[in-house]
1. Within the range 577-592, is even one residue among the hydroxyl-bearing types (Ser, Thr, Tyr), open to solvent by 30 Å² or more (accessible area, probe 1.4 Å) and outside any strand (DSSP E or B)?
2. Inspect all residues belonging to the range 683-693 and state whether any of them is open to solvent by 20 Å² or more (accessible area, probe 1.4 Å), in a strand (DSSP E or B) and either touching a Pro at 6+ places or on another chain (Cβ under 9 Å) or over 18 Å from Ser108 (Cβ atoms) (or both).
3. Looking at Thr598, Thr609, which one is touching a His at 6+ places or on another chain (Cβ under 9 Å), in contact (Cβ under 8 Å) with a residue 24 or more places away in the chain and among the β-branched types (Val, Ile, Thr)?
4. Being of a type outside the set (D, E, K, R) and within 14 Å of Gly304 (Cβ to Cβ) is the filter; apply it to the range 246-274 and report the residue that is farthest from the chain's Cα centre (by Cα).
5. Return the total of residues in the range 401-433 being open to solvent by 60 Å² or more (accessible area, probe 1.4 Å), modelled with pLDDT of 90 or more and outside any loop (DSSP other than H, G, I, E, B).
6. Out of all the residues in the range 594-615, is one or more open to solvent by 60 Å² or more (accessible area, probe 1.4 Å), part of a strand (DSSP E or B) and over 21 Å from Asp650 (Cα atoms)?
7. Are any of the residues in the range 274-286 hydrophobic (A, V, I, L, M, F, W, C), at pLDDT 95 or above and under 30 Å from Gly393 (Cβ atoms)?
8. Quick one: in the range 183-206, which of the residues that are open to solvent by 30 Å² or more (accessible area, probe 1.4 Å) and assigned to a loop (DSSP other than H, G, I, E, B) is farthest from Thr674 (Cα to Cα)?
Amino acid sequence: MIRKVAASAALLATSTPAWARDEPAASVDSADDQAEARRRDGTEVVVTGQRTIPGGQVAKDSRLGILGDSDVYAAPFSVKAYTAELIRDQGARSINDIVAYDPSIRVSLSSTFVLDQSSIRGFLVISSSYLFDNLPGMTPSYGTVPIAHFDRVDIFKGPASALTAAVGTVGGTINLAPKRAIDVPVNSVTVSAQNDVLLGGHADFGRRFGPGGAFGVRVNVSAEKGTLFDGGRREQWTPTIALDYRGGPFRATIDAGYIEYKSEGPGVNYSLRPGATLPRAPDPTINITPRWSFTDNESWYAIGGAELDLAEGVTAYARYGENRQYVQRVNLSISALDSAGAFNVTGYSYGPWRNAKKTGEIGVRARAVTGPLTHNLVVSALQLKGGLSEFGGASTALTGQPAGSIYRPYPLADPYAAGLPADNIVGAVQPNLQSVAIADDIGAFDDRLRVILSARRQRLRQALYDQTRTTPTVAALFKVTPALSLYTNYAEALTQGAVAPSDGTVDNPGEQLPPYVSRQHELGAKWNAGRFGVTLAWFDIRQDFAVIADRRFVIGGEQRNRGVELETFGEPVKGTRVLGGAAWIDAIQSRTATGATTGRKALGVPEWTVNLGVEHDFAALPGFTVTARYIHTGKSFVDLVNTQVVPAWDRFDATARYRVQVQDTLLTVRTGVTNVFDDRYWTAGGRNIISVAAPRTWFTSLSADF
């Protein structure tokens, strides 16, 4: 499929120990070599700086926090990295779209809501906890992240905060690797449409210039505007730029971007009244949220980084970034649903707020050899300050309103037709995270054994608490044969307390719970079959959990998720690729406040899940490829005593693309359908919130690479 990778292999080598790789880094091809490969194969040229598993859907390397990139087969953790080409081929607009290939990840909110949110191994991960090139705090606290601007989406499963410094993650960490200029020019333009009236576009340009291509610039711009399947309107505009310099012992990067996101009539999420049974799923094209409800979201980020080789094998580095966001929101509040799907409108509100985050990191990396052992040592100090900085607005309670129903729009007049109320903004006490980490990545027995020893001393300070703890991560991998590896790890994290949702389901929106410690034990195996790979993992994760009780977001006890994951990726047969797997998770409440629900299933975690995609190139029609994807989600519970059941559901998706070379331009037409059979069902992911699944939706796009 992909003949060679156009990349700067030397850049990869700066962050990855040579022994951690299974093969030499890919060579750098000339533009003419790439064009010739493209003409022979009738396929694409990779315009990223990464090695890939055969098939190009999954990268060969994934981020291991402060240790840098590591070969996925040599990492003693469950890791995976989705490539930019997979993102583009699948028409993915957000993180929620691309994680549909992972059996351990489930989306937790409505597909037309204004937040990215999912659960990994049964624990919630929100967009504010995503890492930007392993730096926390640089993604929007509220909103979605347009992933077409990123070269790779790394999934690191487990609470290994000693390595990642992630805040608010337990089941895993999502890291976004930005696109940077490579050794050949990048010129790519894509126009797209979804369900007739949501139109979009994306442009990607990159160049290297100066002596030896020392300076690089990569610019990405994306936009979309139109109406979604439920009638809600969307408008998004995102320009980003990545600059870099690589001049011998000194290297530097600058990343900056702006996200403007507007939504009218955003999707809605529901909860069930105590004792109610789940009503039948409504028509997903019906939106009970009135058009006058909206969310306007503006955010920007800027990150600068530099590293200097102090001596052979010793490098010092520093990074600093800021992320600011301003949100205005008009929201309709509704009660929990009864068994007939009825609800009461309890009020409406106007809420402006600002978020401001600053993150700084300094560190030193050193490589050394002590007898038969090789070491990759890292010492890092990090400070993340900020979060909600100002908030205000006004809310109005309603009584005596006629009952609403999820089966028809709710006709409520715009209470702000004459104008929005005063902001009434006041300041907020911002949290402060300080930490120091040390890690030693050790190789032994001719690199057959890899041991990682790491620890992070973290201090979390906020208005209500000041907590300090040292959290370790210990991992080991042994290559039984050149193809088969066994690994194990133990990881802890001091996790920032969950934040109460701001979707109208609770009376304490935005309130943050105290921090808690989470722990994971994991055992696994990895098989590198050359053209494809198979991974198997068993894990046990424990942490405190939050619930909604009497419309308040509170700590409910301890949750223990124990499970098994079986995943595969690559191209076992030339022209046929596989991606996905199956997972079994036994998620229970292992310790609760009263003991009444101890041993019951945890909220919103299905026991069995399957995500499997198969992609095939048709030899009879060079350049034509089809993909089929099957998703199965077992039943889950959305109440603590396990009487309210969300039934199991299945979904089939399909995409097709055709590539053709027209002189020096590669044209690619892509089209896809999600939920091919237009099934109606409820979804839940990691908590006691339910959402209506999207109906049959389609997308189409045309890309030109020149």
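The values are calculated or read from the model by the stated rules, or taken from the named source; none is laboratory data. Note that this is a predicted model, so its numbers are computed, not measured. Methodologically, a virtual Cβ is constructed for each residue, glycine included, from the backbone with ideal geometry; neighbour enumeration extends over all protein chains shown. For the accessible areas, the whole protein counts, side chains as well, though only heavy atoms, and no ligand, DNA or RNA atoms are used. Shrake-Rupley method; radii C 1.70, N 1.55, O 1.52, S 1.80 Å.
1. No, the range 577-592 contains no residue that is among the hydroxyl-bearing types (Ser, Thr, Tyr), open to solvent by 30 Å² or more (accessible area, probe 1.4 Å) and outside any strand (DSSP E or B).
2. yes
3. The match here is Thr609.
4. Phe250
5. 0
6. Checked the range 594-615: no residue is open to solvent by 60 Å² or more (accessible area, probe 1.4 Å), part of a strand (DSSP E or B) and over 21 Å from Asp650 (Cα atoms).
7. no
8. So the residue we want is Asp183.
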